[in-house]
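Remarks on the structure that follows.
Quick note: the coordinates plus some simple rules give every number you see, no bench work behind them. Every value quoted in this text rests on a predicted model; they were computed, and no experiment measured them. No Cβ is skipped: glycine too gets one built from the backbone with ideal geometry, and neighbour counts run over all protein chains shown.
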Amino acid sequence: MALFNLTINGKSQQVDVDPNTPMLWVLRDHLDLVGTKFGCGIAQCGACTIHLDGNAVRSCQLPVSAAEGAKITTIEGLSEEGDHPVQKAWLEHDVPQCGYCQAGQIMSAAALLAQNPNPSDTDIDNAMNGNICRCGTYTRIKAAIHTASKNL
Amino acid sequence: MKNFIPFLKNKNPEDQSKIFVPSRRDFLKISSLATGGFLLGVNFQCAGPKGEPITFAPNVYISLSSDNEVILVAHRSEMGTGIRTSLPMIMADELGADWKKVKIIQAEGDEDKYGNQNTDGSFSVRMFYEPMRKAGATARQMLINAAANKWGVDPSECTTENSQVLLNGSSKKVDFGGLVEALQTMELPDPATIKLKELSEYKFIGTDVPIYDAKAIVSGQATFGADVDLPNMQIAVIARSPVVGAKILSYDDAAALAIPGVSQVIKIEGAGIPPGLDKPLEGLAVLASNTWAAKKGREALVIEWDLGPNQSYSSAAQLQEMAKSTLKNGKVSRERGNFNSAKSSATKVLDRTYLAPYYAHATMEPPAVIADYRGDGSVEIWAPTQHPQWARGAVAGALGLELPKVKVNVTLLGGGFGRKSKPDFVVEAALLSKAAKAPVRVQWTREDDIHHDFYHSHSAQRIVATLDSSKKLTGWNHHTVFPAIGATGNAAELHPSSGELELGCRDFPYDVPNIRIETHESAAHTRIGWLRSVSNIHHAFAIHTMMDEIAEARGLDPVENALDLFGEDKNLTFEGELEGDFGNYGEKLEDFPWNTGRMKKVIQDVAAKSNWKAHKDAGKAVGFAAHKSFLTYVACVVIVEKDANGQLSIPEVHYSVDCGVGVNTDRIKSQFEGGAQFATSLAMTSAITFENGQVVQNNFDSYQIIRMPQSPKKIHVHILPSTEKPTGVGEPPVPPYIPALANAVYKLTGKRIYELPFKV
């Protein structure tokens with residue numbers, strides 16, 4: 001066990017955990033930030049996607065020891081009122097079905113748009129390839145990313 | 001056990017006739033709620049087949065608060081279909097509620113109070129459309145009566161709109177909330193006087209209504225199974241029997257207990273063989289203060305297993321045996337005419353074998369559940385369950401408790417697809433909480449989910465089709481072999497049940513003079529369950545790829561072939577041809593007929609909307625299939641091409657659907673969009689295999705789900721306008737898609753598809 005100082009959603013947090021603990025479980029079990037979801041544990045599905053210094057990363061494969069000093073953003077901190085352009089576009093297209101993967105999808109999409117405000121279909125395919133949706137909302141996700149891109 | 005399996009419902013005659021009528025007795029319970037509101041409890045009776053009313057005690061609650069909030073209870077589980085929105089929306093529409101002022105709360109699992117909550121079999125809307133309307137209409141009538149009293153006018157002069165009662169032809173209006181006090185002393189209306197709105201009067205039904213939880217979901221605030229937290233809760237990760245039927249001989253947990261955070265190791269007794277649909281597998285649970293420690297603890301366990309009789313099981317070997325068995329005569333399930341004489345006089349015989357693998361559900365949310373067993377002998381559960389009543393009963397049984405001692409709260413489900421009907425994981429948590437004397441969350445890992453599912457059965461089928469000299473289809477002989485769902489509870493069940501056969505096999509609808517449907521024996525070596533559209537998946541694949549070959553042999557366009565083979569518009573009865581009765585998904589044929597005219601209409605519609613005949617552009621190929629399941633008529637056209645890298649791409653899909661009255665049209669569309677994606681995985685990427693009795697695949701790296709780049713790009717859903725009774729749409733998108741895709745791929749490559757999953 002060791003102490004780690006983390007900056008999450010603009011707030012300083014301290015946790016005392018095993019240094020190998022993935023950020024996913026630090027968020028969920030120790031900081032009560034349960035919007036980030038567990039899907040596979042091996043960075044294959046993207047349900048646990050968060051931002052590390054603005055980049056989309058799979059928190060299930062990010063040990064807490066590697067997250068110190070970085071700016072971490074989770075779905076809870078993406079916007080104040082759930083009104084990030086990506087979140088608004090998600091509502092406009094009524095994207096979610098079961099909703100479980102959507103936090104990860106939104107975090108991947110927001111990171112893509114931050115780096116590429118006007119992505120092509122292929123750019124979107126590439127950026128979203130790591131996020132599985134078992135309900136199959138892919139067509140609406142893509143449409144919503146295009147909508148969000150116009151409203152950035 | 002069987003009454004929990006919607007697809008075997010036809011074996012329970014008392015379950016067959018679901019005619020819900022509001023009962024005057026117990027019709028209304030008026031009480032002051034904690035919300036300070038007015039509670040309107042509506043009981044529905046289920047009239048049994050002998051006309052003997054059985055009180056089903058399902059209740060849908062409408063509660064109106066004096067601050068003008070309309071609180072509606074959703075009693076079916078939300079796993080992505082939108083049902084938590086769509087059923088309350090029906091009530092709200094009848095009521096004349098302002099949708100923005102509606103609050104939805106989720107019912108706990110309580111059969112006496114709410115009736116059937118088994119969210120499965122695509123029957124939520126089919127079963128509850130009428131009761132929801134009656135519930136809403138009754139509340140509306142009471143509000144109108146209250147307002148009419150207040151104004152001294154006749155109730156017929158009043159209407160409701162936007163959570164207000166209006167006096168026609170005047171500016172007089174009153175908020176629902178303003179009538180709550182008056183309602184406390186209101187007479188109950190006679191159910192016979194309750195008038196439902198006409199279809200044309202609805203504001204929400206037949207439109208696109210966004211899901212109630214959308215905002216919570218996109219902001220990370222929605223509560224799924226694993227999101228519930230209790231003080232002093234322990235997290236359990238379980239090492240389960242690697243082979244179904246395996247038993248723990250001995251174990252060493254010293255290393256696990258040495259891991260910081262790990263508190264205890266608890267053994268769970270498994271059911272053995274048969275494994276059962278509602279029992280945990282044998283396992284060793286590691287409890288810890290956090291998930292990571294529990295996971296590490298499990299890795300540190302040393303367990304010696306007696307692997308039992310399934311340890312040499314190979315799914316590949318069984319599949320070959322199953323295919324071979326179709327060459328012999330089987331058990332006849334349906335017989336029309338004389339297939340053998342059709343075959344002996346045939347000028348052309350098509351004889352094909354079709355193989356399909358086991359599939360895992362792989363819901364994005366692996367099973368996760370919280371149980372809190374308390375000192376007073378009660379237990380409270382929070383579970384992403386499709387079937388809270390079954391979970392409640394299974395927990396009560398496993399812990400030896402009376403039903404009222406078990407409370408099951410239903411969270412949102414991160415996907416269900418049939419997996420979360422089974423309460424095995426809920427029972428695990430309850431047993432552990434009791435043993436640990438602490439609240440426990442059982443967290444399944446993805447590997448657990450892939451290794452220990454209730455799988456969609458693998459299958460071998462052989463279809464022999466005969467044509468005469470005039471290219472008429474004269475004979476159809478379909479052999480189907482797959483380990484049955486029933487075998488999970490009773491190992492002696494070696495043939496699929498009639499219920500499973502009526503998922504797209506012995507309900508073969510085409511007008512062919514000689515038909516024989518046969519089954520052959522196959523034993524279950526794992527836990528078999530049901531997956532979105534169940535045996536329709538493999539049956540539709542075989543039947544409709546064969547229909548494409550038949551069309552080719554007849555020199556007909558596949559759409560013309562299908563229309564021709566349906567013949568005149570008529571209602572099918574299958575009378576005198578079946579071993580046993582026709583189940584019709586648990587509904588009477590007079591209530592939900594099998595009408596070939598409706599099927600032909602969706603076929604014609606999809607051909608027109610997809611521009612079927614015009615798809616002759618170079619590089620593109622188009623495939624078609626039509627399949628009715630869960631009483632919903634669906635026709636599907638899939639367009640494929642090879643992209644610049646020579647990879648198969650699916651630029652466009654068209655569905656035409658007749659599901660009766662379309663309740664929430666956006667959620668119908670989304671189910672079809674998702675169904676196409678789901679079925680693409682089944683067709684092309686996913687398969688579970690067993691070696692040495694163990695599942696070979698581990699996670700999403702080896703059990704693959706399609707990702708955005710491979711997914712269909714545009715999915716057009718054409719909903720046929722209808723005034724018929726509504727039917728479900730959760731499962732019907734899946735079956736026709738796979739053969740339509742396979743037929744398109746054949747057009748593109750010249751290679752027929754006989755085995756799933758296929759590569760191009």
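Before moving on, here are some points about what is shown:
- Among B:Ser433, B:Cys158, B:Val332 - extreme Cα towards positive end, dipole of chain B, charges at beta-carbon: B:Val332
- Taking amide H as placed 1.01 Å from N in the peptide plane, the amide H of B:Ile706 sits under 5 Å from that of B:Ser681, each at least 5 places away or on another chain.
- Interchain or long-range residues, amide H under 5 Å from B:Lys348's placed H: B:Leu467
- For B:Lys609 and B:Val696, a Förster radius of 45 Å and the Cβ-Cβ distance give a FRET efficiency of 0.60, rounded to the nearest 0.05.
- Placing R0 at 56 angstrom, the Cβ-Cβ distance between B:Ala492 and B:Ser66 gives a FRET efficiency of 0.40 after rounding to 0.05.
- Rounded to the nearest Hz, the phi-derived 3J(HN,Hα) couplings of the range B:81-97 under the Karplus curve 6.51 cos²θ - 1.76 cosθ + 1.60 (θ = phi - 60°) are 7, x, 5, 5, 9, 5, 6, x, 4, 5, 4, 4, 5, 5, 5, x, 7, where x marks glycine and proline.
- Cα-centre dipole for the range A:2-77 with unit charges at Cβ (Lys and Arg positive, Asp and Glu negative), debye to 20: 220
- Neighbours of B:Thr411 by Cβ distance under 10 Å: Lys/Arg scored +1, Asp/Glu scored -1, total -3.
- Placing +1 on the Cβ of every Lys and Arg and -1 on the Cβ of every Asp and Glu, with nothing else charged, gives the protein assembly as shown a dipole about its Cα centre of roughly 1200 debye.
- For chain B, fraction of C-alpha pairs farther apart than 47 Å, in %: 22
- Across peptide B:219-228, the mean count of Cβ atoms from other chains lying within 10 Å of each residue's own Cβ comes to 6.
- Phi angles of the range B:258-273 translate, via the Karplus equation with coefficients 6.51, -1.76, 1.60 and θ = phi - 60°, into HN-Hα couplings of 7, 6, x, x, 6, 9, 7, 10, 10, 8, 10, 6, x, 7, x, 10 Hz per residue; Gly and Pro are given as x.
- Isotropically averaged projected area of the range A:85-150, using the convex hull of Cα atoms (one quarter of hull area), nm²: 3.7
- Close amide-amide hydrogen proximity is noted between B:Ser629 and B:Val634, each under 5 Å apart and 5 or more residues distant or on a separate chain (H modeled in the peptide plane; Pro and chain starts excluded).
- Residue (of B:Ser341, B:Val406, B:Ala487) at the positive-pole extreme of chain B, dipole from beta-carbon charges: B:Ser341
- Alpha-carbon centroid distance for the pair the range B:536-601 / the range B:375-451, whole angstrom: 40
- Computed from the C-beta positions of B:Lys570 and B:Val349, the FRET efficiency with R₀ = 22 Å rounds to 0.20.
- Pairs exceeding 20 Å between alpha-carbon atoms, taken from B:Lys348/B:Lys747; B:Lys172/B:Lys195; B:Lys296/B:Lys407; B:Lys669/B:Lys713; A:Lys142/B:Lys609; B:Lys642/B:Lys751: B:Lys348/B:Lys747; B:Lys172/B:Lys195; B:Lys296/B:Lys407; A:Lys142/B:Lys609.
- The stretch between B:Asp252 and B:Ser341 holds 25.4 nm of extra length on full extension. This uses 0.36 nm per residue minus the Cα-Cα distance.
- Fluctuation leader among A:Val17, A:Val64, A:Val34 - chain A, Gaussian network, Cα springs under 10 angstrom: A:Val17
- Positive-pole candidate from A:Leu31, A:Ala43, A:Pro19, dipole of the range A:1-118, charges at beta carbon: A:Ala43
- Computed from the C-alpha gyration tensor, the three semi-axes of the ellipsoid equivalent to the protein assembly as shown are 40, 37, 29 Å, from longest to shortest.
- Counting Cβ atoms of other protein chains within 10 Å of each residue's Cβ and taking the mean over peptide A:38-49 gives 6.
- Applied to the range B:156-162, the Karplus parametrisation 6.51 cos²θ - 1.76 cosθ + 1.60 on θ = phi - 60° returns per-residue 3J(HN,Hα) values of 5, 8, 10, 9, 10, 6, 6 Hz, with x for Gly and Pro.
- If only the Cβ of Lys and Arg carry +1 and only the Cβ of Asp and Glu carry -1, the dipole of chain B around its Cα centre is close to 940 debye.
- DSSP loop GluC sites (Glu not before Pro) with at most 10 other Cβ within 10 Å: longest gap in chain B: B:199-401
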